[in-house]
1. Checking the a/c ratio against 1.5 first, then a/b against b/c, what shape does the Cα gyration tensor give for region 59-100?
2. If you put +1 on each Lys and Arg Cβ and -1 on each Asp and Glu Cβ, how big is the dipole of the chain around its Cα centre, in Debye rounded to 20?
3. Under DSSP H, which helices of the chain have Cα atoms covering 24 Å or more of the helix axis and a Kyte-Doolittle average no less than 0.5?
4. For region 136-180, what is the charge dipole size about the Cα centre, in debye to the nearest 20, if Lys and Arg each add +1 at the Cβ and Asp and Glu each add -1 at the Cβ?
5. In region 122-225, what GluC sites (Glu not before Pro) fall in a loop by DSSP, with at most 16 other Cβ atoms inside 10 Å?
6. Under 10 Å, Cα contacts only: if you run a Gaussian network model on the chain, which one of Leu60, Leu195, Leu217 comes out with the highest mean-square fluctuation?
7. Under the Kirkwood approximation for Rh and a Cα-based Rg, what ratio Rg/Rh is obtained for region 124-189?
8. Could you tell me the largest-minus-smallest coordinate of the C-alpha atoms of region 58-195 on each of the three principal axes, in descending order and whole angstroms?
Amino acid sequence: MKPIMETKASQPAPSPLTPDEIERYKRHILLPEIGGLGQQKLKAARVLVIGAGGLGAPVLEYLAAAGIGTIGIVDDDRVSLSNLQRQVIHDSGTIGEMKTKSAREKIARLNPHVRVVDFEERFSREWAMRHLPRFNLLVDGSDNFDTRYAAADAAETARIPLVTGAVGRFDGSVTALMPYETDAAGMLHPSYRDLFPEKPPEGLIPACAETGVVGALTGVIGTLMAMEVIKLITGIGDPLVGRLMLYDALSARFDTIRYKRRKKASGE
């Protein structure tokens, strides 16, 4: 699969790495699969992350550490004490602050080379129409299906990859979506609605605020999401396009299921 930094004609040429960046990212550069050119692609990338919460926290930290050049954060919530069990980008000193501000300040301490653009708003299709064209990859760390469907539709319209994850109690999942591109056989990759055709009935899947969630689980899934972003940007490995990775923390088991483009019935 081509790196996403090579799929848009409007992409500027990656800028050279500074001596400080070469030292910082040395362990990446030593990897033949990434190297200096891959690190330059990470530097040129513009990634938008929905949510600076349980999933967003590890995504943001690892993408910032990896050297993503521009990271956007969209979240309209404030840090609360109950967040700190899993939202490790925040701390006791940021309780009451906007999550975007808390995350931006943490990223600045972690990696001053990363530019952060924060939006103290809730993600929606309307919001995406105004702001998503500024980015070339979307990460959905939200906790509700309305946002997940909105993110999937917006990314497909903008023709940019979407990495999305979900957690609940002791289980998590992650997948990548590129429904605007075709596979080796010339078939379009599946969309989010091929995986979840309809939103579950209200109340069928309770939020973690009602049922609880293990904090470390969000770290596992969020880190997997960050890895998928790095793979998509640099063009290495086999991203989870058309595959849903499932993790059962209690049994320490990973499973992966394949899903395909749904055939439309006549009249659709």
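1. Values: a/c = 2.77, a/b = 1.74, b/c = 1.60.
It is prolate, given that a/c is not under 1.5 and a/b is the larger ratio.
2. The calculated dipole for the chain is roughly 620 debye.
3. On the way: long enough: 215-234 (29 Å, 1.50).
Sorted by number, the helices that extend far enough and score high enough are 215-234.
4. On the way: 3 positive and 6 negative charges, 21 e Å.
It comes to approximately 100 debye.
5. Values: sites: Glu126, Glu156, Glu181, Glu198, Glu202, Glu210; in loops: Glu181, Glu198, Glu202.
For GluC sites (Glu not before Pro) across region 122-225 that sit outside H, G, I, E and B with at most 16 neighbouring Cβ atoms in 10 Å, the list reads Glu181, Glu198, Glu202.
6. Maximum fluctuation in the GNM of the chain, among the listed residues, is at Leu195.
7. On the way: Rg = 12.8 Å, Rh = 12.7 Å.
Rounded to two decimals, Rg over Rh is 1.01.
8. Result, largest extent first: 52, 35, 28 Å.
Laboratory data are not the source of any read-out in this text; all were calculated from the coordinates shown. These numbers were taken from a predicted model, which means no experiment stands behind them. Cβ sites come from the backbone with ideal geometry, for glycine too, and all protein chains shown count toward neighbours.
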